[in-house]
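What follows is a set of notes on a single structure, which appears directly below.
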Amino acid sequence: MLFKVKKILCPLCSVIVLSLAVQLTVCAQDIRIREITYEYVYPDYMSREQARSAAVEKAKIKLLADEYGTLVSSVTNTTISSINGESVSNTYEIGESEVQGEWLETIGEPVVKWDIRNGDQFVAIVTIKGKIREIVRNTVNFDCALLRNGSDDSCESSFFTSNDNMSIKFRTPLQGYLAVYVIEDAATVRRLLPTNSSKGNLIPVQANKRYVFFSPDDPSQNNLSLYTDKDIEYDRLYMIFSTDSFILPADETYPDLKSWELPTNFISDKEFQSWLIKNRKRDDRMSVKILDFSICKSAE
């Protein structure tokens, strides 16, 4: 349905419309005024000017965290496989955090007091007041799935056997950019898209278009054939999409790449997770979906 505004008929109507627009803008931004007193214990090698600067910044972060919370506190990753009937797992955690608010303006001058406690603890006590607001994320709910030995929706699966072809179905309501990574083991993440032969840093995708990457029904695409020498292997695939362009992490080319292997690059899992956390904090339009799948060894 289409609405068209032709003309405002009277000055009073104009005032009402303008007033309403201002109110809506203020409500959308939800600017708040808050104050905090924060104690910062600083090392003795810091000058008072350095300690003052650090205390002010830490006070701002503490106030924003208390008001809006943090975006990411930690990421725990576990990889599992089975060899000769024995389950092998590897778990580690990456801890990073960032507040979900932003400091807009400082009101007045921060007040800093100094103290020494227990004879060797140097403390800067800062009181600061300012305007803040929440950082609102605008992630996109895109559709994706793994396909086994075909490109139709009926081929959707998360269970594969060695020598199966795996394709990736993708559709987004907004145009943007896509990258795909897969965690192959506890230490290595392989970049599937973009491939080294792709033009550009990312895969540009159109809105409301169905994509099937690595489709065995499309002779212009590379096939993605799976293999494992384990009884069963559990892997994890990351679909990373944003309406804004983003920079991929630095990675390396696989050494001694066989002629039948897909030419892609790799990065350590910890480096990849750290990159992903930082980019999701910077890009409020970045959306990530995780697709878990398993690969069984072919029957002898």
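The values are calculated or read from the model by the stated rules, or taken from the named source; none is laboratory data. Predicted model, so just to flag it, every value in this text is computed and none were measured. Don't worry about glycine lacking a Cβ; one is built from the backbone with ideal geometry, like all the others, and counts go over all protein chains shown. The protein model used for the area step is the full one, side chains on, heavy atoms only, and it has no ligands, DNA or RNA in it. Shrake-Rupley method; radii C 1.70, N 1.55, O 1.52, S 1.80 Å.
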field: Accessible area of the stretch 119-183 divided out per residue, in Å², using a probe of 1.4 angstrom
entry: 44 Å²
- request: Starting with the highest mean, order 145-157, 102-114 by the number of other Cβ atoms within 10 Å, averaged over the residues of each peptide.
  value: 145-157, 102-114
- request: Return, ordered by residue number, the residues of the stretch 203-226 whose backbone nitrogen is under 17 Å from a label point located 7 Å along Cα→Cβ of Lys289.
  value: 203-215
- prompt: Mind listing the phi-derived Karplus ³J(HN,Hα) values for the stretch 272-278, rounded to whole Hz, using 6.51, -1.76 and 1.60 with θ = phi - 60°, and x for any glycine or proline?
  reply: 5, 5, 5, 4, 5, 4, 5
statement: Given pairs Lys62/Lys281; Lys60/Lys113; Lys58/Lys289; Lys62/Lys270 and cut-off 24 Å on Cα-Cα distance, the over-length ones are Lys58/Lys289; Lys62/Lys270
message: Rg and Dmax in Å for the stretch 128-167, alpha carbons only: what are they?
response: 21.0, 62
- prompt: Sorted by mean Cβ packing within 10 Å, highest first, what order do the peptides 61-70, 244-253 take?
  reply: 61-70, 244-253
message: To make sure I understand the rule: partners must be aspartates and glutamates, Cα under 13 Å from the Cα of Lys209, and not fewer than 8 residues away in the same chain. Which ones qualify?
response: Asp143
